[in-house]
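Here the structure comes first, spelled out in structure tokens, and everything after it is commentary.
Values in this text are rule-based calculations from the coordinates and carry no lab data. The structure presented is a predicted model; accordingly, all values stated were derived computationally and were not measured. A quick note on method: Cβ atoms are made from the backbone with ideal geometry, for glycine too, and the neighbour counts reach across all protein chains shown.
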């Protein structure tokens, strides 16, 4: 069922070349001595048509298959060699290597052999063939993987001084991004994909695309639109508030931590814009006695209203966009008035500084 969902998505929304600005499994990788001689074991030619119907409900044209299967298999062969080396990496599961192979195959084979804009039927038949072929590999990959892993475990354990090579697609997230984001990680020496775990500061993000369920490299995470907190729940990457020298807090992007056994831990701030709350208080100043003020705030990037608490020192006195009464007793120090936004993507804003 996992593969069926992916193929339906593929046929509906073809992957774009710009989604992956670099090779997810570089061509200059170092082959593993433990790589099985054959890792892409799939259905036989005689089984392909029935498998396409059984697993995907698709009709693979037998005449088309007989004519084009050899060239498709030839195009997949270099990717299968990479797949074999992936199988031998100590951190790889066979499902992970199959999924990396799937990502590469969909990007490379049919778009190059049968460009959709030239012949939509050829592209469609090729896509059916590829998806069926990949399902066959899924069903038969465990034995080559066991063979490769047994060989790898017999080798001296590798220790890596260099960190993983990590990147993200898209390379930076637009503000309030709603879509998919994928992190990639390569062994710094062999240039082989590494299944690494992802952790986001003060937040747990699950990824159903990963068979293990957690956020991990090479598995696209769906990022839904950011929504107002009720109460303070977040459907997108959560910004972090940190103390500043004024005794308040600033908002920063969350820290991403990438871990994989045997490699140094890597941490970095998520590349995402950090907005500010642009605040205006009317009237702009207060005087001793009774004051009636209104505080308005808007997002510095999209101009949308920012909701938050208006504070008098440590006490809440009202909310944005509502009339507020402020009492300043004559002969006392001027109180501090500041805005504490509800959402952590905004830092605090001081409106009136304390003073004589």
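In table form, for the structure just shown:
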{"read-out": "Rounded tilt (10° steps) of 94-113 against the dominant C-alpha axis of the chain", "value": "80"}
{"read-out": "Net lengthening on full extension, residue 315/residue 59 (0.36 nm per residue, minus Cα-Cα)", "value": "85.3 nm"}
{"read-out": "Value in Å of the Kirkwood radius, where the range 2-153 supplies the Cα pairs that are averaged", "value": "15.9"}
{"read-out": "Evaluated over the range 175-223, the Cα radius of gyration and Dmax, each in Å", "value": "11.8, 36"}
{"read-out": "Angle in degrees between helix 120-140 and the longest Cα principal axis of the chain, rounded to the nearest 10", "value": "90"}
{"read-out": "The range 158-188 and the range 263-304: distance between their alpha carbon centers, rounded to Å", "value": "30"}
{"read-out": "Kirkwood hydrodynamic radius over Cα pairs of the range 225-356, then Stokes diffusion coefficient at 25 °C and 0.890 mPa s, in µm²/s", "value": "148"}
{"read-out": "Rounded, prolate or oblate (a/c below 1.5 giving rounded, otherwise prolate when a/b exceeds b/c) for the range 277-352 by Cα gyration tensor", "value": "prolate"}
{"read-out": "Most to least packed among 186-194, 249-257, 205-213, 127-135 [average Cβ atoms within 10 Å]", "value": "127-135, 186-194, 249-257, 205-213"}
{"read-out": "Cα long-axis angle, helix 142-153 against the chain (0 to 90 degrees, to the nearest 10)", "value": "70"}
{"read-out": "Per-residue [θ]222 nm for the chain (sum of -39500 (n - 2.57) over DSSP H runs n ≥ 4, rounded to 500)", "value": "-8500 deg cm²/dmol"}
{"read-out": "Among 162-168, 47-53, the order from most to least packed when residues are scored by Cβ within 10 Å on average", "value": "47-53, 162-168"}
{"read-out": "Approximate shape of the range 165-269 as ellipsoid semi-axes (Cα gyration tensor, √5λ), whole Å, largest first", "value": "26, 18, 12"}
{"read-out": "Highest average packing first - 346-354, 151-159, 36-44, Cβ atoms within 10 Å", "value": "346-354, 36-44, 151-159"}
{"read-out": "Contour minus Cα-Cα distance for residue 257 and residue 66 (0.36 nm per residue)", "value": "63.9 nm"}
{"read-out": "Compactness of the chain - radius of gyration and Dmax, Cα, Å", "value": "27.6, 95"}
{"read-out": "Theoretical FRET efficiency, 1/(1+(r/R0)^6), r = Cβ-Cβ of residue 266 and residue 330, R0 41 Å, to 0.05", "value": "0.10"}
